[in-house]
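Peer 1: Mind looking over this structure? Questions follow.
The values are calculated or read from the model by the stated rules, or taken from the named source; none is laboratory data. Here the structure is a predicted model, which means the values were calculated and not measured. Backbone-built Cβ (ideal geometry, glycine too); neighbour counts: all protein chains shown.
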Amino acid sequence: MKDKSAFKKFLEIRGMGASLTAFIGLIIIYIAFGLINEKVFSGQNILNLLRSMSKYLLIGVGQSYVMITGNIDLSLGSLVGMSAMMVSTLMVGGVNPVAAILITLVCGVIIGILNGFLVGRFKLPPFIATLGTMFVARGIAYMVNNNRNTDNIGSRIGKGPADAFQQFFYYGKTFGVYNTFWIAVVLFILFFFLLSKTRSGRHIYAIGSNVEAAKLSGVNVFMTTVKAYVISSICAVVVGFFLSAQAGMGNMEAGNMYEMYGVAAGVIGGVSPLGGSGLLLGTFAGAAVWQTLENGLNMIGAQVGIQRIVIGVIVVLAVLVDVVIRSGKKIKKIKKA
Amino acid sequence: MKRKIVAMISCLALLTAAFTGCSNGSKGTAQTAANSTASEESAGSKEETKASGNIKIALITMDQIDQHWVKMNHGAQEEAKKKNVKVDFISPDTKDDSKQIECVNNAVANGYKAIMVAANGPDAISSALKDAKSAGVKIVYVDSPANVEAEATFSTNNAAAGKKAGEEMLKALKAKGTTKGNIGVVNVNAATQSCVDREKGFRSAFEGSEFKILDTQYCDGDASKAQSIAENYITQGVVGIFGAQEGSTTGTGNAVKASKNSGVIGVGFDSSDSIKDLINDGYLLCTMAQKPEIMGAKGVDACVDAINGKDLGGKVTDTGVTVLNKDNVDSAK
């Protein structure tokens, strides 16, 4: 066995190739936009980018966890809305921000556990199960404040606590960068560590690659499924906090379509929607690519229709490439055997 | 790995082709050819942007698709040409607080000197607008103000306009000899202040009469949803229906059309080609047409004045509504 250089070993980590490609793509796209409108390179724009990217990053991480297990979580967007409405309604009702955050977190996790049960225990197809919870969560979001968006979160608890909440989750900066980004990065590192270094993480990859083999090797498929859905629900709840802090109120439609953006971020970063592979590092790049595209197209004045088309094309291409490379690998394996 | 790099680069070529072909605004992008080598052309386009009028105004409305905003942009663009300033229409694709806030943030980062904004709601974008003000950007409200002090506001007095709509319906009902019955209201949602005000105004016109106005139903601006709601109202036997905004009005008119001779009187708000057709064909009695073009034009004037240092004192101007009915609908723009 020849001694490989550290760089080569780095490249051979499964999924690293895809992640690196996503990062390279990100840099190319960013530079291209910046050359057309120099303001894209401005400090303020970079700060904005990092902040708005955070929500896609978190949703992407959550959705990636579920995708790696071979499932999908369609309820993420509605969970974001439910979280934004709940935390805002609680604060408008006079509950202090910390308690509101905790209560909302618990409710979100309950939905995550529900998803885990439906898919892991009752074996419902994940698409159907989470489609159902998607409608239920959105319905809860509507009903939490009687079918209306909430008032300003500071109306009962006062401007002080409300400002603190908004500064913490959206408007405040630490070390010159918006808090939103730091929160997303901290959670990202936590979940990255969980996925790549712990046994639970390995189980998550295992049931995505080959659930029968995983079961036979003693992996608790049910618990692993639940864990993935709980992680995704936590991510969605935190993004709900971002949106609530951004607007200073709860919006019933918050988070609309976010589950799809999560899929896109993961897929562009090399997480296979078929399960079993992908690095969260790639999701980071995927979320960054997505946000840079959105931000860049906006900054150069492109019509919104174009934004949608471009993003759709890139997502399809990313999946296509993934499928092509997978079938290429299979053929290689068959030839070797 | 190689295949992925190729895929990425071809995406990029596609991307460059897509946005250079279709972006609006005179940023010299017409020069930028459909290649991924944007670097050579960019030098030329940068210079052009700086030269074409150094006042840049951003128009941020609730979405890019409603005819109301499209007309407002049109009015603003016409005025911009006259005053030799640049107005960029950078609204989100759908009505979404988070996206609107991002647009405001992007406008500030992009160096716009003034923002004309139609806020989705009075509160949501307030913090973002405050940040914009501290960055020295002038704010002018068009159509819907937010809770942050601005240079000026140009909007429709929605309560008064709603009342007018109610009065028109009352007149028509009296002329038919109907003095009591149920009236349905279709609105967009319970959160958009402008529409809520219109409804209040409409209801106030019926105070003291024997008509009962049913609980409002919401269509989220979707004309087909509005049509289903209106059709239900007609089945329940209402004598009149009020549509409080464009989608609601279109749906109401279509429902009356589908019901064939139900005798229901439809009154609406906002104007569009479909609404004008419905009035012409007699399915809608009239609609309160706002003047988005005037809001756009006056907004641009106010921005220019504010940028040049004039103190407008936050004046609120009612741009008014025109009652569009069968007699004058053809001559309307």
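Peer 1: In segment B:109-132, which residues are within 7 Å of another protein chain (Cβ to nearest Cβ), among the aliphatic types (A, V, I, L, M) and assigned to a helix (DSSP H, G or I)?
Peer 2: Hit for segment B:109-132 is B:ALA109, nothing else.
Peer 1: I would also like to ask the following. Identify, by number, the condition in (1) outside any helix (DSSP H, G or I); (2) under 30 Å from B:LYS56 (Cα atoms); (3) more than 7 Å from chain B (Cβ to nearest Cβ) that A:GLY278 doesn't meet.
Peer 2: (2)
Peer 1: A further question follows. Does B:LYS130 satisfy the criteria of being surrounded by fewer than 22 Cβ atoms within 10 Å (Cβ to Cβ), under 23 Å from B:ALA302 (Cβ atoms) and free of Cβ contacts under 8 Å to residues at least 60 places away in the same chain?
Peer 2: So B:LYS130 passes the test.
Peer 1: Right, something else. Take A:ILE231 and tell me if it is among the β-branched types (Val, Ile, Thr), buried (at least 22 other Cβ atoms within 10 Å of the Cβ) and either in contact (Cβ under 8 Å) with a residue 40 or more places away in the chain or not in a helix (DSSP H, G or I) (or both).
Peer 2: Criteria met by A:ILE231.
Peer 1: Next question, about the same structure. Criterion first (of a type outside the set (Asp, Glu) and free of Cβ contacts under 8 Å to residues at least 60 places away in the same chain) does A:THR174 satisfy it?
Peer 2: yes
Peer 1: Take the residues of segment A:37-66 that are in contact with a Lys or Arg (Cβ under 9 Å, 6 or more places away or on another chain) and assigned to a helix (DSSP H, G or I): which is nearest to the other protein chains (Cβ to nearest Cβ)?
Peer 2: A:ASN45
Peer 1: Could you identify the single residue in A:SER88, A:SER78 that is surrounded by 16 or more Cβ atoms within 10 Å (Cβ to Cβ), part of a helix (DSSP H, G or I), touching a Phe, Trp or Tyr at 6+ places or on another chain (Cβ under 8 Å) and touching a residue at least 40 places away in the same chain (Cβ under 8 Å)?
Peer 2: A:SER78 is the lone residue from the list that is surrounded by 16 or more Cβ atoms within 10 Å (Cβ to Cβ), part of a helix (DSSP H, G or I), touching a Phe, Trp or Tyr at 6+ places or on another chain (Cβ under 8 Å) and touching a residue at least 40 places away in the same chain (Cβ under 8 Å).
Peer 1: With A:PHE165, A:PHE117 as the choices, which residue is closer than 29 Å to B:THR192 by Cβ and either within 13 Å of chain B (Cβ to nearest Cβ) or of a type outside the set (D, E, K, R) (or both)?
Peer 2: A:PHE165
Peer 1: Still on this structure, please answer the following. Looking at segment B:244-333, what strands (runs of 3 or more DSSP E) fall wholly within it and have at least 2 residues that are in contact with a Cys (Cβ under 7 Å, 6 or more places away or on another chain)?
Peer 2: Filter on segment B:244-333 gives B:321-325.
Peer 1: Identify all residues within segment B:200-222 that are surrounded by 23 or more Cβ atoms within 10 Å (Cβ to Cβ) and away from chain A (no Cβ under 14 Å); write none if there are none.
Peer 2: B:PHE202
Results for (1) among the charged types (D, E, K, R); (2) in a helix (DSSP H, G or I); (3) touching a Phe, Trp or Tyr at 6+ places or on another chain (Cβ under 9 Å), shown as yes or no for each residue.
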site: A:ILE111; (1), (2), (3): no, yes, yes
site: A:GLY116; (1), (2), (3): no, yes, yes
site: A:LYS123; (1), (2), (3): yes, no, no
site: A:ALA129; (1), (2), (3): no, yes, yes
site: A:GLY132; (1), (2), (3): no, yes, no
site: A:TYR142; (1), (2), (3): no, yes, no
site: A:ASN147; (1), (2), (3): no, no, yes
site: A:ASN152; (1), (2), (3): no, no, no
site: A:PHE191; (1), (2), (3): no, yes, yes
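For every residue, the table says whether it meets (1) more than 27 Å from B:PRO145 (Cα to Cα); (2) touching a strand residue (DSSP E or B) at 6+ places or on another chain (Cβ under 7 Å); (3) assigned by TED's automatic domain parsing to the domain that holds B:SER144.
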{"site": "B:SER272", "(1), (2), (3)": "no, no, no"}
{"site": "B:ILE275", "(1), (2), (3)": "no, yes, no"}
{"site": "B:ILE279", "(1), (2), (3)": "yes, yes, no"}
{"site": "B:LEU284", "(1), (2), (3)": "yes, yes, no"}
{"site": "B:GLY309", "(1), (2), (3)": "no, no, yes"}
{"site": "B:LEU312", "(1), (2), (3)": "no, yes, yes"}
{"site": "B:SER331", "(1), (2), (3)": "yes, no, no"}
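Peer 1: Then there's this: Which of the residues belonging to segment B:96-108 are outside any helix (DSSP H, G or I) and under 22 Å from B:GLN77 (Cβ atoms)?
Peer 2: Passing the criteria: none in range.
Peer 1: For segment B:150-176, give me the residue count where each residue is out of contact with any strand residue (DSSP E or B) (no Cβ under 6 Å at 6 or more places or on another chain), small (Gly, Ala, Ser) and touching a residue at least 24 places away in the same chain (Cβ under 8 Å).
Peer 2: Result for segment B:150-176: 5.
Peer 1: Across segment B:136-181, which residue is surrounded by the most Cβ atoms within 10 Å (Cβ to Cβ) among those that are closer than 15 Å to B:ALA306 by Cα and within 14 Å of chain A (Cβ to nearest Cβ)?
Peer 2: B:VAL137
Peer 1: Restricting the search to segment B:96-108, which residues are more than 8 Å from every other protein chain (Cβ to nearest Cβ) and at pLDDT below 90?
Peer 2: Selection gives B:LYS99 alone.
Peer 1: Against the conditions (1) closer than 20 Å to B:CYS103 by Cβ; (2) over 18 Å from the mean Cα position of the chain (by Cα); (3) more than 7 Å from chain B (Cβ to nearest Cβ), where does A:LEU293 fall short? Just the number, please.
Peer 2: Among (1) closer than 20 Å to B:CYS103 by Cβ; (2) over 18 Å from the mean Cα position of the chain (by Cα); (3) more than 7 Å from chain B (Cβ to nearest Cβ), A:LEU293 violates only (2).
Peer 1: Which one of these is without any contact (Cβ under 8 Å) to a residue 24 or more places away in the chain and either touching a Ser or Thr at 6+ places or on another chain (Cβ under 9 Å) or under 20 Å from A:ILE101 (Cα atoms) (or both): A:GLY139, A:GLY154, A:GLY120?
Peer 2: A:GLY139
Peer 1: Separate question: Determine if segment A:257-264 includes at least one residue that is among the acidic types (Asp, Glu) and part of a helix (DSSP H, G or I).
Peer 2: Yes: segment A:257-264 contains one or more residues that are among the acidic types (Asp, Glu) and part of a helix (DSSP H, G or I).
Rundown of residues vs (1) within 14 Å of another protein chain (Cβ to nearest Cβ); (2) within 15 Å of A:LEU57 (Cβ to Cβ); (3) at pLDDT 95 or above, yes/no style:
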| site | (1), (2), (3) |
| --- | --- |
| A:VAL186 | no, yes, yes |
| A:LYS197 | no, no, no |
| A:ALA206 | no, no, no |
| A:ILE231 | no, yes, yes |
| A:ALA245 | yes, no, no |
| A:GLY248 | yes, no, no |
| A:GLU253 | yes, no, no |
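Peer 1: If you don't mind, another one. Here are some residues: A:ILE331, A:ILE311, A:ILE325, A:ILE268. Which one is at the interface with another protein chain (Cβ under 8 Å from one of its Cβ atoms) and at pLDDT below 90?
Peer 2: So the residue among A:ILE331, A:ILE311, A:ILE325, A:ILE268 that is at the interface with another protein chain (Cβ under 8 Å from one of its Cβ atoms) and at pLDDT below 90 is A:ILE325.
Peer 1: Quick check on segment B:133-142. Is at least one of its residues part of a strand (DSSP E or B) and not assigned by TED's automatic domain parsing to the domain that holds B:GLY75?
Peer 2: Looking for residues that are part of a strand (DSSP E or B) and not assigned by TED's automatic domain parsing to the domain that holds B:GLY75, one finds none in segment B:133-142, hence no.
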